[in-house]
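Please treat every number below as a calculation from the coordinates, not as lab data. Keep in mind the model is a prediction, meaning the values are calculated, not measured. Note that each Cβ is placed from the backbone with ideal geometry, even for glycine, and that neighbours are counted across all protein chains shown.
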Amino acid sequence: MIPLSIPKLEGNEWKYVKDCLDTGWISSAGSYVTQFEEMVAQYAGAKYGVACMNGTVGLHISQILLGVTADDHVITPNITFIATLNAIKYTGATPILIDVDPNNWQMDLNLLEEYLQEHTKIRETESGLFSFDNRTNKRVRAIMPVHVLGNMGDMDRLMAIANTYHLEVIEDTTEALGSTFNNKHAGTFGKLGVFSFNGNKIISTGGGGVIVTDDEELAKKAKHLTTQAKVSAMDYIHDEIGYNYRLVNVLAAIGVAQMEQFPAILENKQTMDAFYRKELNGVGDIKFQEIPEGTSPNGWLFTFSTSRMRELLDYLNANGVQSRPFWMPMNQLDMFKDEFYFHKTDVSASVYDSSISIPSSAGITQEQMETVVSVIKKFYAS
Ligand SMILES: Cc1ncc(COP(=O)(O)O)c(C=O)c1O
């Protein structure tokens, strides 16, 4: 079976993990954590990086850092992996779901603007001007855009909308290490960006995350909160309720080795993306995810749409090509079906009904890609 997305562990992973084991530095302290944080931040062009257990907790902490509480709304696209919504729910906040753009499958910025124009009012409060939802009277505190599949929408426009409506921006950039918009890296537009190093991501630590920011205070607070909010190196004194969300040294060691290989892995992914687009162009009724002008995506997980999605899914999995459907839209999941979902034609439903992801591992070979393409062509020829 050609796997959907597995990591490529062909660098110094063994050496650095062995170093942790040999020296006993396997846990929360250790130099690989700092090194990994610096490597990710530097690559993304952010001033600070704070490692954490995974992307989900990174999204949770980021919201706490910006003051999100149960009295707030957080806006996010209706098509995302469930972790985005779960992280909003952990804070007690109420999500506002925005439908996606039919072409690039990112949050539809026209709808975002329309929601804010029609359903919110800007009011003056003791701490400044903020937007409030007309129905609930709750503050709309933040937008959490998601760079779905490593693609990116028009981030300049999104930031301009956020400024107009006094909203904080936390980027769910879990899938987008290596993606840029107008040469600026994903995760560096908002106050905070969160990368994931889960097993299926472009590079992996098995499980892991890094929060990036240019704000020194936020970075310090992120470190503090993810490490039990301890105030003294010696004494067990803590100044608030913290979290044990830290990344351990042994996983950061894998991360350092993965970051060393990242440029080559990114190049392989982008070559794969170009190959699939060239070879599958015009095959059956395949339609690709559109790449907005100015965006350079990392090609994380190749996904396309076709009216024969379910049939193709069965066919590929039965013929040695591991494939998966897209995420069920958040408004269709039981837990979130009563959340406010702003849409016109429910694009999310049609993207979900027609989209399929095909093998996209970091180390995918030319031979594997050719096999994938030939099995897909065979399906449409039958
Ligand atoms: C869009 C999105 N958000 C959040 C996450 C959560 O990241 P993690 O698995 O590292 O917790 C993931 C990936 O797993 C994701 O794809």
Net charge near residue 217 (other residues with Cβ under 13 Å of its Cβ; Lys, Arg +1; Asp, Glu -1) is +2
Within 14 Å, Cβ to Cβ, of residue 134, how many net charges do the neighbouring residues add up to if Lys/Arg are +1 and Asp/Glu are -1?
+2
Could you pull out every whole DSSP H run in the chain that spans at least 27 Å of Cα extent along its own axis and averages -1.0 or higher on the Kyte-Doolittle scale?
249-280
From a point 7 Å beyond the Cα of residue 127 in the direction of its Cβ, which residues of the range 60-78 have a backbone N at a distance under 13 Å?
64-73
Of the trypsin sites (Lys or Arg not before Pro) in the range 136-192, those whose Cβ has at most 11 other Cβ within 10 Å and which sit in DSSP loop
none
Dimensions of the range 13-259 along principal axes (Cα, Å, largest first)?
61, 44, 27
Relative contact order for the range 238-382 using alpha-carbon pairs under 8 Å, separation at least 6, rounded to a whole percent?
29 percent
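If we count other beta carbons within 10 Å of each Cβ, what is the order of 250, 146, fewest first? Each step should come with its number before you reach the end.
Details: 250 20, 146 26.
Ascending number of Cβ neighbours within 10 Å: 250, 146.
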Starting from the Cα of residue 160, step 7 Å along the direction of its Cβ; do the same at residue 238; then give the gap between the two resulting points in nm.
4.5 nm
Karplus ³J(HN,Hα) for the range 236-245 (6.51 cos²θ - 1.76 cosθ + 1.60, θ = phi - 60°; Hz, whole; x = Gly/Pro) runs 8, 10, 10, 9, 6, 6, x, 9, 8, 10
Which residues in the range 141-171 have a backbone N closer than 11 Å to a point placed 7 Å from the Cα of residue 184 along the Cα-to-Cβ line?
155-160
Based on the Cβ-Cβ distance of residue 308 and residue 14, what FRET efficiency does E = 1/(1 + (r/R0)^6) give at R0 = 30 Å, to the nearest 0.05?
0.10
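Give the whole-number value, in cubic angstrom per residue, of the convex hull volume spanned by the C-alpha atoms of the range 1-65. Please list the in-between numbers first.
Values: hull volume 9.8 nm³, N = 65.
Convex hull volume per residue, Cα atoms: 150 Å³.
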With only helices counted (DSSP H, runs n ≥ 4, each -39500 (n - 2.57)), the per-residue ellipticity at 222 nm for the chain, to the nearest 500, works out to -12000 deg cm²/dmol
What is the gain in length, in nm to one decimal, between residue 319 and residue 86 on full extension, counting 0.36 nm per residue of separation less the C-alpha to C-alpha distance?
80.4 nm
Below 8 Å between Cα atoms, with a sequence gap of 6+, how large is the relative contact order for the chain in percent?
25 percent
The answer for residue 140, listing residues at least 5 apart or on another chain whose modeled amide H is closer than 5 Å to its amide H, is 73, 131, 132, 133
Multiplying the sequence separation of residue 229 and residue 267 by 0.36 nm and subtracting their Cα-Cα distance, what value in nm do you get?
9.7 nm
What is the fewest-to-most order of 291, 143 by other Cβ atoms lying within 10 Å of their Cβ?
291, 143
Once R0 is set to 22 Å, what does the formula 1/(1 + (r/R0)^6) return for the Cβ-Cβ distance between residue 333 and residue 71, expressed as a FRET efficiency to the nearest 0.05?
0.40
If amide H atoms are built 1.01 Å from N in the plane of the peptide, which residues on other chains or at least 5 residues away come under 5 Å of the amide H of residue 2?
321, 322
Got a sec to turn the phi values of the range 173-185 into Karplus ³J(HN,Hα) couplings, 6.51 cos²θ - 1.76 cosθ + 1.60 with θ = phi - 60°, whole Hz, x for Gly and Pro?
10, 4, 9, 10, 4, x, 8, 9, 10, 6, 6, 9, 6
If the label point sits 7 Å along Cα→Cβ of residue 220, residues of the range 46-81 with amide N under 19 Å come out as 47-51, 62, 64-67
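Counting other beta carbons within 10 Å of each residue's own, what order do 238, 185 fall into, fewest first?
With the sparsest Cβ surroundings first, the list reads 238, 185.
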Antiparallel DSSP bridges in the chain: what percent, to the nearest 5?
60 percent
Of 152, 276, 236, which is farthest towards the positive pole of the chain's charge dipole, taken about the Cα centre with +1 and -1 on the beta-carbons of Lys, Arg and Asp, Glu respectively?
276
Which number do you get for Rg(Cα) / (2.2 N^0.38 Å) in the range 48-88?
1.20
